[in-house]
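Chemist: This is the structure I have questions about; it appears just below.
Each value in this text was obtained by applying a stated rule to the coordinates, not by laboratory testing. In this text the structure is predicted, and so the values were computed from the model without any measurement. Heads up, the Cβs are rebuilt from the backbone with ideal geometry, glycines too, and the neighbour counts pull from every protein chain shown.
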Amino acid sequence: MSWQARVLVGVAAAAVLSGGTAAAATAAGPWGTAREVPGTGELNKAKNAAVTALSCARPGDCAAGGYYAPHGRRQAFVAAETGGTWHQAIEVPGTAALDQGNQARVTSVSCPAAGTCVAGGWYVDSTRHTQAFVAAETGGTWHQAIELPGTAALEGGRPWAEVTTLSCPAPGDCLAGGFYRGHSGGLESLVATESGGTWQAATELAGTGTLNKDGDGQVSSVSCAAPGDCLAGGDYASASVTQPDAAVPQVYVATETGGRWQAAQQVPGTATSTSAGKTELNSVSCATPGNCAAVGAFANDTGFLASQVKGTWRTAVHVPGRSPAGAGTVSCAAPGDCTAGGLYLAPDGVEWALVVSSTDGTWKKAQLLPGQSALNSTPTARASVYSLSCPTLASCAAGGSYIDRAGNFQALVATETGGKWGAVQELPGSAALNQGQNALVNVVSCAAAGHCAAGGYYAGKGSLLDLQAMVTAGS
């Protein structure tokens with residue numbers, strides 16, 4: 001989407017709003033009223049900002065990251081919520097010195113404990129090359145960002161590296177994933193491990209060099225069930241069986257057990273034989289070591305769902321009951337029990353927000369989120385789930401967007417309680433902020449059942465050129 005953005009974060013259930021009451025939160029449903037992320041209005045002079053990452057360690061204690069525009073280019077910010085109150089957003093410490101090219105953003109945040117988080121992303125250095133960074137918060141204080149160790153040794157003559165995803169199962173223990181441009185000039189999959197609070201040198205993800213013959217690889221998503229027990233998923237390009245000179249986009253998963261990576265493998269059941277279009281892995285999630293899920297989409301928007309049960313990957317399946325349907329996000333609450341979200345493209349061209357769940361690793365028939373027809377009712381209607389978080393079995397939160405009757409994108413949220421999804425709704429308070437223009441939820445994080453936060457952006461002052469940030473306070 002080409003709109004400039006302001007940042008939003010919404011907090012679910014039991015939310016007590018800043019200056020509001022628990023009764024007001026209840027009246028709005030399980031989601032509290034959205035507000036601008038404190039401090040982003042002052043930072044965001046050029047009116048181009050968004051929350052792109054969010055993580056909640058416990059109810060009322062979260063961290064958000066993203067970008068804002070003090071001038072024509074974007075800079076990286078983080079904001080912390082403690083005890084249900086969001087504090088002033090700040091530029092990620094240290095990025096001003098690193099970011100000589102005046103372009104940076106946070107792409108991922110992970111918080112294993114309250115006040116203990118890691119943010120990752122990218123910046124542009126003095127030579128106009130994009131570089132990967134990580135920054136840590138300890139004891140509620142953000143410390144200086146650093147270039148991800150080891151990337152300089154991996155990069156070729158035209159350096160380029162980014163952190164795209166993070167997972168921190170314990171304080172001081174994290175996994176970062178992303179990509180770098182290697183000496184051959186192609187893009188390769190990157191992982192880096194933080195152990196005991198110290199980042200080890202980034203390396204190429206085991207086995208991806210063999211798979212990625214055509215130099216278009218990346219780690220798209222990581223999930224760690226415990227320190228040293230993680231899953232990485234991503235994309236690569238191989239030569240076509242029928243067209244040797246053509247690069248075929250494929251998807252892979254790689255498992256780390258006891259601190260050792262097994263070689264990446266193609267997601268079973270996702271093989272293609274032509275070069276038409278792109279296959280993408282969008283999201284992975286692990287409930288316990290060896291019990292994970294991976295979801296993505298083929299070029300024709302047909303989603304795939306794959307389950308790992310007791311360390312073994314089952315053959316990926318298309319989204320049951322709906323086709324074509326894309327899968328963009330997944331969250332696993334228990335071994336074999338996961339929920340994915342995305343969209344279904346109906347024969348009349350209308351797009352509907354969709355969820356699908358698995359039990360014991362078997363994916364059940366997908367369902368459209370209830371209540372959409374009341375919101376998503378235009379001839380060009382579109383709705384989708386962009387992010388999901390399931391802290392416990394049968395308890396999830398979803399965020400995304402829909403198109404209203406005026407043709408504008410609006411922020412969508414929905415919650416599952418006791419295994420039943422409630423009706424979708426516009427994120428409370430977002431309409432007052434965006435004055436009917438555009439808003440969406442990029443990311444959702446739940447610290448516990450009924451205690452969730454959602455992040456994204458909205459258009460302020462009734463103008464698509466005035467996008468700002470919003471948050472709500474959790475209890």
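Chemist: Give, as a single signed number, the net charge of other residues whose beta carbon lies under 15 Å from the beta carbon of residue 230, with Lys and Arg counted +1 and Asp and Glu -1. Please report the intermediate quantities before stating the final value.
Modeler: Working: positive: 260; negative: 173, 194, 229, 256.
Once all neighbours under 15 Å are counted, the net charge is -3.
Chemist: For segment 6-471, what is the relative contact order in percent, using Cα pairs closer than 8 Å and at least 6 residues apart in sequence? Could you put the intermediate results ahead of the total?
Modeler: Values: 1585 pairs, mean separation 64.7, N = 466.
Worked out over segment 6-471, it gives 14 percent.
Chemist: Could you tally the net charge around residue 123, taking each other residue with its Cβ under 15 Å from the Cβ of residue 123, Lys/Arg +1 and Asp/Glu -1? Before the final figure, lay out each step's value.
Modeler: Values: positive: 73, 74, 105, 128; negative: 91, 99, 125, 147, 155, 162.
Around residue 123, the charge tally is -2.
Chemist: Further, regarding this structure: Given that compact globular proteins tend to follow 2.2 N^0.38 Å, what is the ratio of the alpha-carbon Rg of the chain to that value? Don't skip to the end; give the middle numbers.
Modeler: Working: Rg = 20.7 Å, N = 475, 2.2 N^0.38 = 22.9 Å.
In units of the globular-protein estimate, the chain measures up at 0.91.
Chemist: Another question about this same structure. Using a simple spin-label model with points 7 Å from Cα along the Cα→Cβ vector, what separation in nm is obtained for residue 45 and residue 378?
Modeler: That separation, rounded to one decimal, is 3.4 nm.
Chemist: Please report the net charge: other residues with Cβ closer than 12 Å to the Cβ of residue 110, K and R +1, D and E -1. Please report the intermediate quantities before stating the final value.
Modeler: Numbers: positive: none; negative: 137, 173, 194.
Net of charged neighbours comes to -3.
Chemist: Ok, one more. Could you give the dipole magnitude of segment 6-471 about its Cα centre, charging the beta-carbon of Lys and Arg +1 and that of Asp and Glu -1, in debye to the nearest 20?
Modeler: Details: 23 positive and 31 negative charges, 141 e Å.
Dipole about the Cα centre, nearest 20: 680 debye.
Chemist: Nearest 500 deg cm²/dmol is fine: what mean residue ellipticity at 222 nm does the chain get from its DSSP H runs of n ≥ 4 alone, each adding -39,500 (n - 2.57), divided by its residue count?
Modeler: Details: 7 runs with 31 residues, N = 475.
Per the formula, -1000 deg cm²/dmol.
Chemist: Using a Förster distance of 35 Å, how high is the FRET efficiency between residue 201 and residue 392, based on the Cβ-Cβ distance and rounded to 0.05?
Modeler: On the way: r = 37 Å, r/R0 = 1.06.
Calculated transfer efficiency: 0.40.
Chemist: Using the 10 angstrom Cβ neighbour count as an exposure proxy, how do 256, 91, 42 rank, fewest first?
Modeler: Going from least to most buried by this count: 42, 91, 256.
Chemist: Same structure again: Hey, can you grab everything whose amide H is under 5 Å from the amide H of residue 442? Only 5+ residues off in sequence or another chain; H modelled, so Pro and N-termini drop out.
Modeler: For residue 442, the qualifying residues are 455, 456, 457.
Chemist: For 189, 387, which order do you get if you count the other beta carbons within 10 Å of each Cβ and list the fewest first?
Modeler: Details: 189 29, 387 22.
Sorted ascending by nearby Cβ count, the order is 387, 189.
Chemist: Separate question: State the answer as a single residue: which of 151, 234, 374 lies farthest towards the positive end of the charge dipole of segment 6-471, with beta carbon charges of +1 for Lys and Arg and -1 for Asp and Glu, about the Cα centre.
Modeler: Checked the options; the winner is 374.
Chemist: Right, something else. Output the peptides 154-163, 288-297 sorted from most to least packed, where packing is the average of other Cβ atoms within 10 Å over each peptide's residues.
Modeler: 288-297, 154-163
Chemist: Evaluate E = 1/(1 + (r/R0)^6) for residue 128 and residue 90, where r is the Cβ-Cβ distance and R0 equals 25 Å; express this FRET efficiency to the nearest 0.05. Each step should come with its number before you reach the end.
Modeler: Details: r = 25 Å, r/R0 = 1.02.
Once rounded, the FRET efficiency stands at 0.45.
Chemist: First measure r as the distance between the Cβ atoms of residue 226 and residue 432, then evaluate 1/(1 + (r/R0)^6) with R0 = 35 Å and state the FRET efficiency to the nearest 0.05.
Modeler: Working: r = 43 Å, r/R0 = 1.22.
The computed FRET efficiency comes out at 0.25.
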